[in-house]
Every structure is written in structure tokens, then in C-alpha cells.
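Undergrad: Got a structure here, written out as C-alpha cells. Questions coming.
The values are calculated or read from the model by the stated rules, or taken from the named source; none is laboratory data. This structure is a prediction, so every number in the text was calculated from the model and none was measured. Glycine also receives a Cβ, built like all others from the backbone with ideal geometry; neighbour counts cover every protein chain displayed.
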Amino acid sequence: MKNYDLYATMGTGFEAVVAKELQNLGYNTTTENGRVFFKGNIGDIIKTNINLRTADRIKILLKEFKALDFETLYDQIFNYDWAQLLPVDAKFPVSGRSVKSKLHSEPDIQSIVKKAIVDKMTQQYHRRGFLPETGNLYHLDIYINKDIARISLDTTGESLFKRGYRVEHGGAPLKENFAAGLLKLTPYNGTHPLIDPFTGSGTLAIEAALIARNIAPGLWRNFAFNNFDWVDNNLYKQEIENAKSKISKNHAPIIASDIDQSILEIAKVNANNAGVLDDIRFKQVAIKDFATDLTNGIIIANPPYGQRLKDKTSARKIYQEMGNVLGNLSSFNQYYLTSDVEFEKYFGKVANKKRKLFNGNIRTDFYQYWHTKK
């Protein structure tokens with residue numbers, strides 16, 4: 001099978017996490033901001049889309065070149081063998097972005113790239129200036145950074161955070177791959193208890209259960225590559241069966257609690273959709289009343305941020321209650337995500353480490369408290 005230059009995209013701050021995931025799958029990697037590069041064939045495209053927990057997308061880097069003017073951009077794109085990638089009826093939207101480059105008009109960049117591909121394909125397929133674009137979707141992306149252009153093909157489709165298990169919900173839950181990324185920033189592997197005392201719609205607990213049982217996150221969905229005419233569907237079926245064969249059963253307890261019973265019911269539906277309902281103990285309990293007999297585990301939570309001024313006071317009261325109740329669980333490593341820069345003051349302890357992350361467009365800190373096991 002043909003080898004490709006591939007890369008995974010991810011949220012800011014998770015580059016090292018995704019690189020480690022890829023390395024654990026057997027790939028050599030190089031990293032830059034927002035991207036981790038590796039090489040692989042069609043089987044590897046399928047494998048990484050199905051198995052990566054913390055990435056956003058897997059893309060094929062088709063060509064990289066310097067572009068200081070539109071003529072060069074057009075010529076470089078035209079000179080690619082598009083017929084070996086796109087069938088004659090392919091639907092191929094082109095998105096584009098330019099950063100610190102001489103070619104800065106993104107609409108013009110997209111338009112030139114699209115025209116070059118159309119011109120080349122009409123020549124290759126002996127058409128007269130018309131392509132139907134009624135077939136399967138092949139989403140292309142042109143990215144120019146400091147005058148270096150990269151043209152790539154998205155193999156994922158909807159972002160990898162869309163696992164397929166989550167039902168409609170209220171509020172603003174963590175994206176699935178973001179939750180998995182938080183878990184990957186801890187030592188969690190399923191061999192020690194995990195507690196999420198603000199579980200909401202259950203994303204952290206569900207992703208923990210998927211990690212603990214080694215369930216691939218892409219088992220419930222399809223990908224863009226499923227509709228590429230040069231991808232053998234039997235390879236996809238084989239990789240799905242291979243992933244299913246690696247699922248395990250035994251792991252330490254996972255506790256997911258929340259004060260709101262109605263949101264817990266949504267969490268249970270999500271867990272059931274993900275096949276891990278029996279792996280999580282759901283409890284309705286306020287943080288001030290939380291108690292556990294478990295030891296030597298991990299507590300991880302996405303408590304209320306108090307983004308609006310009127311909510312800040314109640315959020316900080318919750319942080320105080322967290323400190324009073326959870327701060328005494330001295331055998332647990334504890335991890336809390338919040339945008340409140342005064343979290344440590346109200347929790348009552350200074351974190352061993354803080355890591356800056358963006359939950360959507362909200363700038364947050366991941367407060368990490370490490371304790372010695374008893």
C-alpha cells in the first residue's frame with residue numbers, strides 16, 4: 001500500500017499527549033504547534049482515526065511548497081496528480097487559512113486553489129470546464145504559514161470528538177477528546193479508582209471507562225475515508241474487529257456524582273450508548289455531602305467556573321466545599337479544570353502544577369495536586 005505523509009491536529013496544549021498516543025500505536029512522530037506528523041498507509045489512516053482519543057482530525061499532507069505569489073500557488077496545485085485522489089464526480093470544497101504570509105487574502109487563496117484543481121481535473125478527465133461535484137466528499141485544506149503552503153485532505157469528517165455516544169444535553173459539557181486529554185495528563189489507566197464529583201453529562205467518567213476497558217473511541221461512527229473510492233472497506237472492517245478484540249473487562253471503580261439527578265439521567269444514557277453503563281457508579285450527591293471509602297486513586301473534575309459575575313460567588317463557595325471535603329482525601333491525586341484564577345485561594349491549597357488549556361474559547365487552568373500513596 002502507498003505510504004502517505006500524515007498528521008493529526010489537536011487543541012492547543014495537547015500536542016505531547018497526541019504524540020504519545022501515536023508513539024504507543026507504533027509511529028515515529030514530529031511535532032509543531034497544533035500538529036503531530038507521522039507516516040502511514042491507508043490502514044494507518046483507518047487505525048489512527050478509530051483509536052486516537054485526544055486528536056481532532058487525521059489529514060494527508062499532499063504537497064508542501066513556498067508560495068509568494070498566486071501564479072506559483074496555481075502552478076504548484078495544478079501540477080499535482082488530482083485524478084489519482086479525486087474521482088470525476090468528487091465534491092471537493094477547499095478551506096483556507098493564511099498566517100504571516102505574503103498571500104494573505106484567504107478567499108482569493110481558496111479560489112485559486114479550487115480553480116487549479118478544476119483545471120487539472122478537467123484536463124485529466126477530458127471534460128470541458130465542468131465537474132459535476134455530485135459524488136462523495138473530499139474536504140481539502142490550504143494552509144499558508146510564513147509563505148510555506150500545505151495542501152491536505154481531511155480523512156476524518158466530523159471532528160474525532162464526536163464519538164457518537166452523546167445525546168442532546170443542556171449546559172456546555174467537555175468535548176470528548178478534551179476530556180480524554182485531561183485524563184491522559186494524569187496517571188490514570190484503570191488500575192486505580194477514579195472519582196468525578198461534578199460529572200454533568202458524564203463525559204469524563206465515560207472517557208475514563210473507555211480508557212480502562214481499552215475501548216477504541218471510534219467504534220460508533222463513520223469517517224470521511226469510508227466514502228473515498230480508493231479505500232478498501234474490508235480494511236476498515238478488519239480494524240474495527242481488531243479494536244474490539246482488545247477490549248478488556250476488569251478495572252478499578254469509577255464513581256460519577258452530581259447534585260442534579262436530571263443531568264445524571266442523561267449521563268447514564270450516554271454511558272449506555274458508549275457501552276460502559278455497568279462500568280460507572282452514578283450517584284446523586286452534593287459536593288458538601290460527598291464521601292468515599294476508596295483510597296489511592298484519582299479525583300478529576302470540571303467544576304462550575306462562575307463565568308458570569310453573579311455566578312462567581314456560588315462557584316467559589318463550591319471550591320471551598322471541595323477543599324473541605326476532597327482536600328482531606330490525602331491518598332488521591334486530584335485534578336481540577338477551571339477558568340477562575342483564584343481557585344487555589346478558595347480551594348485552600350496551592351497546586352503542585354498548573355497547565356494552561358483552552359476549553360473551547362475559554363482560557364482555563366488544569367490544577368494538579370499530587371499526594372503520596374498510603
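Undergrad: Go through the stretch 181-233 residue by residue and tally those that are in contact with a Ser or Thr (Cβ under 7 Å, 6 or more places away or on another chain) and closer than 19 Å to K249 by Cα.
TA: Final tally of qualifying residues: 4.
Undergrad: Under the condition of being in a strand (DSSP E or B) and aromatic (F, W, Y), which residue from the stretch 332-374 is farthest from Y188 (Cα to Cα)?
TA: F358
Undergrad: What number goes with the only condition from (1) closer than 23 Å to I45 by Cβ; (2) free of Cβ contacts under 8 Å to residues at least 12 places away in the same chain that E265 does not pass?
TA: Only one criterion in (1) closer than 23 Å to I45 by Cβ; (2) free of Cβ contacts under 8 Å to residues at least 12 places away in the same chain is unmet by E265, namely (1).
Undergrad: Sticking with this structure for a sec: Suppose we filter the stretch 172-187 for residues that are assigned to a helix (DSSP H, G or I) and over 16 Å from I280 (Cβ atoms); how many remain?
TA: Residues in the stretch 172-187 being assigned to a helix (DSSP H, G or I) and over 16 Å from I280 (Cβ atoms): 5 in total.
Undergrad: Which one is surrounded by the fewest Cβ atoms within 10 Å (Cβ to Cβ) among residues in the stretch 344-362 that are closer than 15 Å to L182 by Cβ and touching a strand residue (DSSP E or B) at 6+ places or on another chain (Cβ under 9 Å)?
TA: Selected residue: K356.
Undergrad: Enumerate the pairs (first residue in the stretch 183-195 and at positive phi; second residue anywhere and in a loop (DSSP other than H, G, I, E, B)) with beta-carbon separation below 9 Å, excluding pairs fewer than 6 apart on the same chain, so at least 6 apart or on different chains.
TA: The qualifying pairs are G190/R213; G190/N214; G190/S248; G190/N250; G190/H251; G190/A252.
Undergrad: If I filter the stretch 78-89 for residues that are over 29 Å from N222 (Cα atoms) and of a type in the set (D, E), do I get at least one hit?
TA: The answer is no, given that none of the residues of the stretch 78-89 is over 29 Å from N222 (Cα atoms) and of a type in the set (D, E).
Undergrad: Please work out which residue is surrounded by the fewest Cβ atoms within 10 Å (Cβ to Cβ), limiting yourself to the stretch 115-147 and to residues that are under 23 Å from N33 (Cβ atoms) and out of contact with any helix residue (DSSP H, G or I) (no Cβ under 7 Å at 6 or more places or on another chain).
TA: Result: K146.
Undergrad: Just checking, how many residues over the stretch 94-130 are under 15 Å from I77 (Cα atoms) and of a type in the set (K, R)?
TA: Of the residues in that region, 3 qualify.
Undergrad: Would you pick out the residues in the stretch 330-364 that are without any contact (Cβ under 8 Å) to a residue 40 or more places away in the chain and among the aliphatic types (A, V, I, L, M)?
TA: Residues satisfying the conditions are V341, V350, A351.
Undergrad: Sticking with this one: Would you confirm, using the coordinates I've provided, whether G13 is out of contact with any strand residue (DSSP E or B) (no Cβ under 8 Å at 6 or more places or on another chain) and under 27 Å from A179 (Cα atoms)?
TA: It is false that G13 is out of contact with any strand residue (DSSP E or B) (no Cβ under 8 Å at 6 or more places or on another chain) and under 27 Å from A179 (Cα atoms).
Undergrad: With the condition kept exactly as written, say whether any residue in the stretch 51-64 is out of contact with any Gly (no Cβ under 9 Å at 6 or more places or on another chain) and over 30 Å from A216 (Cα atoms).
TA: Yes, the stretch 51-64 has at least one match.
Yes or no, residue by residue, for (1) among the small types (G, A, S); (2) within 30 Å of G218 (Cβ to Cβ); (3) at pLDDT below 95; (4) touching a Pro at 6+ places or on another chain (Cβ under 6 Å):
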site: I255; (1), (2), (3), (4): no, yes, no, no
site: I263; (1), (2), (3), (4): no, yes, yes, no
site: R281; (1), (2), (3), (4): no, yes, no, no
site: F290; (1), (2), (3), (4): no, no, no, yes
site: P304; (1), (2), (3), (4): no, no, yes, no
site: Q307; (1), (2), (3), (4): no, no, yes, no
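Every residue, every condition in (1) under 20 Å from the mean Cα position of the chain (by Cα); (2) on the phi > 0 side of the Ramachandran plot; (3) modelled with pLDDT under 95, yes or no:
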position: G327; (1), (2), (3): no, no, yes
position: S331; (1), (2), (3): no, no, yes
position: Y335; (1), (2), (3): yes, no, no
position: Y346; (1), (2), (3): no, no, no
position: N359; (1), (2), (3): yes, no, yes
position: I362; (1), (2), (3): yes, no, yes
position: D365; (1), (2), (3): yes, no, no
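Undergrad: Of everything in the stretch 165-182, what is surrounded by fewer than 24 Cβ atoms within 10 Å (Cβ to Cβ) and under 13 Å from the mean Cα position of the chain (by Cα)? Give them in sequence order.
TA: Result: L174, K175.
Undergrad: Here's another thing I want to ask about it. Go through the stretch 277-332 and count every residue that is among the hydroxyl-bearing types (S, T, Y), closer than 25 Å to A209 by Cα and loosely packed, with under 13 Cβ neighbours inside 10 Å.
TA: Looking only at that region, the number is 1.
Undergrad: Being part of a helix (DSSP H, G or I), among the acidic types (D, E) and touching a residue at least 24 places away in the same chain (Cβ under 8 Å) is the requirement here; does E321 meet it?
TA: For E321, the condition - part of a helix (DSSP H, G or I), among the acidic types (D, E) and touching a residue at least 24 places away in the same chain (Cβ under 8 Å) - is met.
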